[in-house]
Amino acid sequence: SKLASFFAGLVFAFFPYIFAQSGDYHTNLITTWFTPFYLLFLLKTLRDGSYKNALLAGLFFGLQGLNDLTYTSFTIFLTLLVIFYHFIFWRKEFSLNTFKRLTTAAVTFLVIFSPVALAAFKTIKEGFHPGVSLSVQNVYGADISYFLFPWAGNPILKGFSKVPGAISSTEGT
């Protein structure tokens with residue numbers, strides 16, 4: 001439905017988390033438009049025999065990989081769920097042609113993502129030494145209470161906040 005798609009797009013585009021990250025100037029975390037395009041072309045890759053859709057899926061997945069590694073790991077998990085759902089619940093047969101199209105998307109992703117992957121492997125080989133203390137994660141991390149109680153910085157609901165560390169972070173938004 002076009003109406004449902006429009007409202008889903010509005011919710012996705014104006015999700016409070018995105019605005020919270022934009023307030024902290026985390027441009028890599030507000031650039032989320034790669035994921036819906038990737039999913040669109042992944043679904044088209046699974047449904048029809050076009051290699052163009054596989055190349056576009058790989059392109060958007062590769063751009064996501066260049067943008068943010070956290071979202072890339074989420075996208076990998078989402079990809080597995082979509083493929084699982086496609087073959088289990090839609091009862092589609094896994095053909096050689098489907099395998100070739102998915103391989104095309106994966107190779108396209110790997111070509112685009114390779115500069116980041118090579119740098120990451122080099123860092124792992126040399127030993128990882130974070131420039132910022134890992135205790136920062138206590139400030140910028142989210143736990144389950146952030147989803148149950150309002151953020152302490154919320155102008156309307158801050159009186160109901162029970163999250164002590166949320167004052168200094170927008171992660172609780």
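Computed with a 1.4 Å probe over protein heavy atoms only, the accessible surface of the stretch 1-68 comes to 58 Å² per residue.
Computed FRET efficiency, Cβ-Cβ of Ala8 and Asn97, R0 30 Å: what is it to the nearest 0.05?
Details: r = 30 Å, r/R0 = 1.01.
With a Förster radius of 30 Å, E is 0.50.
Take the convex hull of the alpha carbons in the stretch 1-154; its mean projected area over all directions comes to 12.3 nm². Figure legend: label point modelled 7 angstrom from the Cα of Leu69 along Cα→Cβ; residues of the stretch 101-117 with amide N under 18 Å from it are 110-117.
Here each label is just a point 7 Å from Cα along the line to Cβ, and for Leu81 and Leu43 those points are 1.4 nm apart. Highest mean first, the peptides 106-114, 64-72 sorted by other C-beta atoms within 10 Å per residue fall in the order 64-72, 106-114.
Membrane-span-like helices in the chain, defined here as complete DSSP H runs extending at least 15 Å along the helix axis by their C-alpha atoms with mean Kyte-Doolittle hydropathy no lower than 0.5, are 2-13, 34-47, 51-67, 69-89, 96-126; this is a sequence and geometry rule, not a statement about a membrane.
Could you work out what % of the accessible surface of the stretch 1-134 is carbon and sulfur, using a 1.4 angstrom probe and leaving DNA, RNA and ligands out of the count? Answer for the stretch 1-134: carbon and sulfur cover 74 percent of the accessible area.
The values are calculated or read from the model by the stated rules, or taken from the named source; none is laboratory data. Because the structure is predicted, anything quoted here is derived from the model rather than measured. Don't worry about glycine lacking a Cβ; one is built from the backbone with ideal geometry, like all the others, and counts go over all protein chains shown. The accessibility values were calculated without ligands, DNA or RNA, using every heavy atom of the protein model including side chains. Shrake-Rupley method; radii C 1.70, N 1.55, O 1.52, S 1.80 Å.
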